[in-house]
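Taking it in order: structure first as C-alpha cells, then the write-up.
Taken together, the values in this text are just the output of simple stated rules run on the coordinates, not laboratory data. This is a predicted model, so every value here is computed, not measured. All Cβ positions, even for glycine, are placed from backbone atoms using ideal geometry, and neighbour counts span all protein chains on display.
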Amino acid sequence: MTLEEIYKKAEKCDLKGTTLNERLYISGLLNEFDKAMIADKPKAREILKVLKVDENSIEKIVS
C-alpha cells in the first residue's frame, strides 16, 4: 500500500476519542501497520502520524 493510499484511508475516519487499536481498525490500516512494524519502520511511523498519534507515543511504539 502506498503512502497516498494510507493518507486517503485515514482521512475518511473520525478518530476523535479512539484508542490506537481502534484507529488502526477503523481506518483499515491494522494489517498494513503490522506488516510495516516487521519490515518497514519508517512506514509504520508514517501510519501512526497519519492517525494523529503524538510523537512521544510513536517513539515508544516503533522503538
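Quick check: pseudo-label points 7 Å beyond the Cα along Cα→Cβ at MET37 and ASN56, how many nm apart are they?
That separation, rounded to one decimal, is 2.1 nm.
In whole percent, what relative contact order does region 3-62 give with Cα contacts below 8 Å and a gap of six or more residues?
Values: 39 pairs, mean separation 20.2, N = 60.
It comes to 34 percent, rounded to a whole number.
Using a simple charge model, +1 on the beta-carbon of Lys and Arg, -1 on the beta-carbon of Asp and Glu, nothing else, what dipole does the chain show about its Cα centre, in debye to the nearest 20?
Computed charge dipole of the chain: roughly 40 debye.
Provide the gained length on full extension for the span LYS12 to SER63, in nm with one decimal, where the gain is 0.36 nm per separating residue minus the Cα-Cα distance.
Taking LYS12 through SER63 to full extension adds about 15.6 nm, to one decimal.
Kindly provide the helix-only [θ] at 222 nm of the chain, computed as the sum of -39,500 (n - 2.57) over DSSP H runs of four or more divided by all residues, to the nearest 500 deg cm²/dmol?
Helix contribution divided over all residues of the chain: -20000 deg cm²/dmol.
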